[in-house]
Amino acid sequence: MIAELTKKYPSLRVIKAYPESGQKWVYLVSIDTYGVVMLKIIKRMDERIRREIDIVNQNDIPGVPKIKEISSFQHEGEEHYYLFEEYIEGETLTDVLKRGPLDLPQSLKLFESLLIVVAKLESLGIVHRDIKPDNIICAKDGSYHLIDFGIARNLNLTSLTLTVAAVGPHTPGYGAPELFQYNKAKINSKADLFSVGVVVYQAIFGRHPFITGKEADLNEIWYRTATVMPKDDLIPGDTDSQLIGLIQTLMQKQVSKRPPSAEKALEWYYTVLGTLSL
Amino acid sequence: MKLFLQFGHGMKALTLDLSKKWDGASVILSPRDMTPEQLIVWSKDFERAGVECYFDPQCYCPKGEQKRLVQYTYWDCNLNTNLQSSETKIDRQIKEIKRYNDIAKSKAYILPSILNNYASDWADRFIFQSKRFIDSAHSVMNDKPVYATLAFPKDFLIQSEATLEPVLQEILELDVNGYYVIAEALDRKYLIDNPMWLSNVLHICATLKIAGKKVIYGYGNHQLLPLSLLKADAMASGTWLNVRSFTNRFIDIDEQKRKSTWVYYPDALSEYKLSFLDWAFNNGYLVSMKSKDKDFLDESINKIFKSSVPPSATGFNETDAFKHYLCCLKHQVDLLDKPSYKEALESYEMLLTTAEREIERLENAGVYAQTRSFRNFIDINRAAITQLNKNHGFSLGMSWKSM
């Protein structure tokens, strides 16, 4: 497969091959035209992947790696799509958190970055639905990047999830209750705000707000996600409890109790920032 | 939050009087308490007096008492309002309601709503009906804001917040400028002794306000003062109990008239019968019921406090009691208008603490407010505002200045 592409791009060199995923082969490559970039070869193009690519390719979303080129080639009589995507040098937030929680300035940077992305997605009518530490790259320059729009939902397009499906796509423990409860069909950016709250809480305290890791099964994770509110933990410098207040508000179980929009949440974030003693 | 007048039986003179005293007033007109002919004449009087009008078509109970309502052209002669019939009829009704709004020169349109009993299909019916009215309104009501009426049956208001949630999400998507919230009272009670009811009312209104919608709460009373904590745009209240709380039964005015005159003591959030004030007068306690805040001492109540005879001998009557209640309520609403959510919350908590202390002090002196004592409702309201703070405190604090 790579050999076919090397014919097309003679300067292409594979630096690293990532473990094979269900839908793509992913490589870190160098190529004269773009330098070091990610190469993703789509095993079989379908509507969900097409939408994932469109979301990133058609919109300038801050903090999201840019697609530099999309094309296709023939291999054994089949057409395979591939794309070159901006490479963010760094590691996932999951790996970073294995070494301990982020300090407050880093946590705030993460918080702001995620809110900016979600506000932008909101303005485009897109819900990411899978914001979690695995999908956040902490770049070497200290910036944070959201990746993997594989289950993102464009609210302007028909849902690709079966209407009869009881549960919408999400990652248990990070997906908002409405994604697996009553109104998965009516989701909006507030579902992403919930996940942002969970991720930021985890980044600050070094532990998940309501999952202990001892849950017996998926149902228990869902149950805890829908019912357990973390304590009002103290954050050093958050003397007026405004930062924890905002995080708790994002993590409210019911949509009506979260901020009315991601744009508003970002506005509130900047207000909260002014109350902190850093 | 502003105090609107919820028009009721015999309120025309009082409305004009209060508008003069307050330098303007807003009233939600009640077709069940005025004929279409009176609406034409009184609307002009109100306009001249600077009273801003709203027109509530009062289609809540199609099978209820509608002695006056049947005289309005939007009401069907076959003892129903046609609200569940074909689109054409709804369009016609909306046009007729608009005509009455034009007569009243209303500030905004209040759309009709039926108070359906709570059942498993209630939410679907409620949203379906609301959307039909709104769709129809959009074709003719384009010159001023449109408010959807949200008539919540009592049994819905004691459900869990999780049950309310999908309904709230649907309501937020309704294409209107604001909401006229009607909450059916539990057991037809004036004051509600179930914290779930009050907490849910506050939760619904707070959600709507934080989402940037206008909210007018209809048929309110002093128990609903915490609506100030979420900056509801207005609460409407009136004279008789049937305009201070909403039930699916229109209380007969003659039945009410046989009842006693109750005098509101704002510091205790309670009303006392004239006979008990006589008792307080005779035992030297009446003077201690004179509020230290002179803005609570309107000319009506001063008949009692500036007299050397027992209250019942001062000529203080029902009209005075109504006027005093509404003046006090307006002042209490004004007192809760604070520069921050935190200050508003603290003020309201102080109001409850003061009321608790005053009720106890007076009871120790043998002065009882009996069935209109707020004693048993202080904890209800405390519980409800605790939950409001937990649910929306942060968002209200952040949104306060822009609400």
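The values are calculated or read from the model by the stated rules, or taken from the named source; none is laboratory data. For clarity, every value in this text was computed on a predicted model and none was experimentally measured. Using ideal geometry, Cβ is built from the backbone for each residue, glycine included, and neighbour counts are taken over all protein chains shown.
Observations
- Qualifying residues in the range A:251-268 (those that are part of a helix (DSSP H, G or I) and more than 10 Å from chain B (Cβ to nearest Cβ)) - the one surrounded by the most Cβ atoms within 10 Å (Cβ to Cβ): A:Ala262
- Residue within the range B:273-296 that is in the same structural domain as B:Ile359 (by TED's automatic domain parsing), in contact (Cβ under 8 Å) with a residue 12 or more places away in the chain, surrounded by 19 or more Cβ atoms within 10 Å (Cβ to Cβ) and not in a helix (DSSP H, G or I) present: yes
- Top-ranked residue of the range B:287-315 - restricted to ones that are touching a Ser or Thr at 6+ places or on another chain (Cβ under 7 Å) and of a type outside the set (Gly, Ala, Ser), ranked as farthest from B:His331 (Cα to Cα): B:Thr314
- Residue check for A:Lys7: part of a helix (DSSP H, G or I), on the phi < 0 side of the Ramachandran plot and exposed (fewer than 15 other Cβ atoms within 10 Å of the Cβ): yes
- Number of the condition not met by B:Asn381 [criteria: (1) polar (S, T, N, Q); (2) within 21 Å of the chain's Cα centre (by Cα); (3) not assigned by TED's automatic domain parsing to the domain that holds B:Glu271]: (3)
- Filtering A:Val199, A:Val228, A:Val255 for residues that are more than 19 Å from A:Asp130 (Cβ to Cβ) and either out of contact with any His (no Cβ under 8 Å at 6 or more places or on another chain) or in contact (Cβ under 8 Å) with a residue 24 or more places away in the chain (or both) leaves a single hit, A:Val228.
- Cβ separations smaller than 9 Å between residues 6+ apart or across chains give the following pairs from the range B:114-126 residues that are assigned by TED's automatic domain parsing to the domain that holds B:Glu173 and touching a residue at least 60 places away in the same chain (Cβ under 8 Å) to residues that are outside any helix (DSSP H, G or I) and among the hydroxyl-bearing types (Ser, Thr, Tyr): B:Leu115/B:Tyr60.
- Selection count where residues are modelled with pLDDT under 95 and at negative phi, scope the range B:40-70: 13
- B:Ala25 falls short of the stated requirement of being at pLDDT 95 or above and surrounded by fewer than 21 Cβ atoms within 10 Å (Cβ to Cβ).
- Which listed residue, of A:Ile61, A:Ile88, A:Ile70, is in contact with a helix residue (DSSP H, G or I) (Cβ under 7 Å, 6 or more places away or on another chain) and either among the acidic types (Asp, Glu) or within 20 Å of A:Ile116 (Cα to Cα) (or both): A:Ile61
- Conditions (1) buried (at least 21 other Cβ atoms within 10 Å of the Cβ); (2) more than 14 Å from every other protein chain (Cβ to nearest Cβ); number of the one not met by B:Asn391: (2)
- Enumerated strands (runs of 3 or more DSSP E) restricted to the range A:54-167, each holding at least 1 residues that are among the hydrophobic types (A, V, I, L, M, F, W, C): A:67-75, A:78-86, A:136-139, A:144-146
- Answer from B:Lys330, B:Lys338 - the residue that is more than 14 Å from chain A (Cβ to nearest Cβ), at pLDDT 95 or above, more than 20 Å from the chain's Cα centre (by Cα) and under 22 Å from B:Phe4 (Cβ atoms): B:Lys338
- The range A:37-48 residues that are at pLDDT 85 or above, paired with ones that are not in a strand (DSSP E or B) (beta carbon under 7 Å, 6 or more apart): A:Val37/A:Tyr87; A:Met38/A:Tyr87; A:Ile41/A:Met1; A:Ile42/A:Gln23; A:Ile42/A:Ile49
- Residue that is nearest to the other protein chains (Cβ to nearest Cβ), among those in the range A:222-250 that are crowded, with 20+ Cβ neighbours inside 10 Å and of a type in the set (Val, Ile, Thr): A:Thr249
- Each residue in the range B:349-388 was checked for being among the aliphatic types (A, V, I, L, M) and either touching a Lys or Arg at 6+ places or on another chain (Cβ under 8 Å) or within 14 Å of chain A (Cβ to nearest Cβ) (or both), and 4 pass.
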